[in-house]
Amino acid sequence: MSLPTLRQILELPAFASAEILSGQAKLDSHITWVHVAEVLDVARLLSGGELVLCTGLELSRSSPEARVAYVRSLAEAGVGGLGLELVRWLQEVPTEMLQTARMLQFPILVFRTEVRFAELTRAAHERILRPAPGPEEPLLEALVEALVETGRDRRFVEQQLGAVLRLPSRPKSTLLATLEALLSAQFNIAETARRLGVRRQSVYYRLEQLKGMLGDLDSPERRLGLWIALELLKR
C-alpha cells in the first residue's frame, strides 16, 4: 500500500470538478486520510497529511481573523489540503483565507457545484488503502507474515471468508476467483469480466452472492482484510 499524492487524489473521477486555487507547489504531498469537518479547531484532532473537506458553514459565520487562524492552523498541523464546497454557505473563498493559503503555499481546492462528500471520501480512501496485487507488496506481505507467526491466520481467514469456504469445491473456487478479480480491478465490473473471461451479468450475479455471504464489501478496510485472507489461502 503506497500513499497517493494530492495530485493523484485529484485525478480520481470523483474529484473531477475540483478546482485548485492555491498551493500548487504542494500537490505532490502525500495524503494519509480524508476528513469531513466543519469545526474550525479541527487541526488539533489531526496528525498530518489529511485532506479536510467542508461546506463552509462555520466559516461563513466567522470573522476574517478566525478564518485566517483556521488556514494557519491547518497548515501548521501538516494538513495536506482543504476542500471547500462553494454552494450554500460560501460562494467564493474569503479573500483573507485565499491570501493566507497562497502565502503559506497551502492547497485549497473548491467545488463550485454540489458534491457528495461520502463519494469523495470513499473514492479517496479506496485509493489510499489500495493494496498492490500479489504477495510482493511489502505491507501486505508483512501483515500476512504477522498473522502466520502469531498463529492467527486460520481464524482470520475464517472471519473474512468463512461462508464461502464452506461451499462445495466448485462454487467455492469460482467465487474466490471472482472476489480476487474484483479486488484487483477495484470492483470495476467490466474489467473483472474481462479478466475472468465471462459476461458482465455473471460478475453481477456472483457479486450479489458474495455480498449475501460476506456482507459489506464496500469499505476499504473490509477489502484490505479480504486481500490478506486470499493471500493466506494461497499458503
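Condition test on SER17, is it farther than 15 Å from ALA101 by Cβ, touching a residue at least 40 places away in the same chain (Cβ under 8 Å) and in a loop (DSSP other than H, G, I, E, B)? Reasoning before the result, please.
Numbers: farther than 15 Å from ALA101 by Cβ: yes; touching a residue at least 40 places away in the same chain (Cβ under 8 Å): yes; in a loop (DSSP other than H, G, I, E, B): yes.
Spelling it out, SER17 is indeed farther than 15 Å from ALA101 by Cβ, touching a residue at least 40 places away in the same chain (Cβ under 8 Å) and in a loop (DSSP other than H, G, I, E, B).
Residue selection: PHE117 fails the criterion of being of a type outside the set (Val, Ile, Thr) and surrounded by 18 or more Cβ atoms within 10 Å (Cβ to Cβ). Screening VAL34, VAL68, VAL52 for residues that are within 17 Å of THR100 (Cβ to Cβ) and open to solvent by less than 20 Å² (accessible area, probe 1.4 Å) leaves exactly one candidate, VAL52. Checking GLY151, GLY212 one by one, the residue that is part of a loop (DSSP other than H, G, I, E, B), small (Gly, Ala, Ser) and more than 30 Å from SER17 (Cα to Cα) is GLY151 and no other. For the stretch 20-31, the criterion of being surrounded by 17 or more Cβ atoms within 10 Å (Cβ to Cβ), outside any strand (DSSP E or B), touching a Gly at 6+ places or on another chain (Cβ under 8 Å) and among the β-branched types (Val, Ile, Thr) is satisfied by at least one residue.
You will find that of SER22, SER60, SER17, the residue that is over 25 Å from ILE128 (Cα atoms), in contact with a Phe, Trp or Tyr (Cβ under 7 Å, 6 or more places away or on another chain) and not acidic (Asp, Glu) is SER60 and no other.
Scanning the stretch 85-114 for residues that are among the acidic types (Asp, Glu), under 26 Å from the mean Cα position of the chain (by Cα) and either open to solvent by less than 60 Å² (accessible area, probe 1.4 Å) or at positive phi (or both) returns a single hit, GLU85. Filter the stretch 172-195 for residues that are at pLDDT below 90, open to solvent by 40 Å² or more (accessible area, probe 1.4 Å) and within 19 Å of GLU231 (Cα to Cα); which is nearest to the chain's Cα centre (by Cα)? If we take residues in the stretch 172-195 being at pLDDT below 90, open to solvent by 40 Å² or more (accessible area, probe 1.4 Å) and within 19 Å of GLU231 (Cα to Cα), then GLN186 is nearest to the chain's Cα centre (by Cα). Taking first residues from the stretch 213-229 that are free of Cβ contacts under 8 Å to residues at least 24 places away in the same chain and partners that are in a loop (DSSP other than H, G, I, E, B) and loosely packed, with under 15 Cβ neighbours inside 10 Å, the Cβ contacts under 9 Å between residues at least 6 apart in sequence or on separate chains come to ARG222/GLY215; ARG222/ASP216.
Tell me which residues, restricted to the stretch 48-84, are assigned to a loop (DSSP other than H, G, I, E, B), within 26 Å of the chain's Cα centre (by Cα) and farther than 20 Å from ALA118 by Cα. Answer for the stretch 48-84, where residues must be assigned to a loop (DSSP other than H, G, I, E, B), within 26 Å of the chain's Cα centre (by Cα) and farther than 20 Å from ALA118 by Cα: GLY48, ALA77, GLY78.
The values are calculated or read from the model by the stated rules, or taken from the named source; none is laboratory data. Bear in mind that the values here come from a model prediction, so they are computed numbers and not experimental data. In this analysis, Cβ positions are derived from the backbone assuming ideal geometry, glycine residues included, and neighbour counts consider all displayed protein chains. Just so you know, the surface numbers come from the protein's heavy atoms only, side chains and all, with ligands and any DNA or RNA stripped out. Shrake-Rupley method; radii C 1.70, N 1.55, O 1.52, S 1.80 Å.
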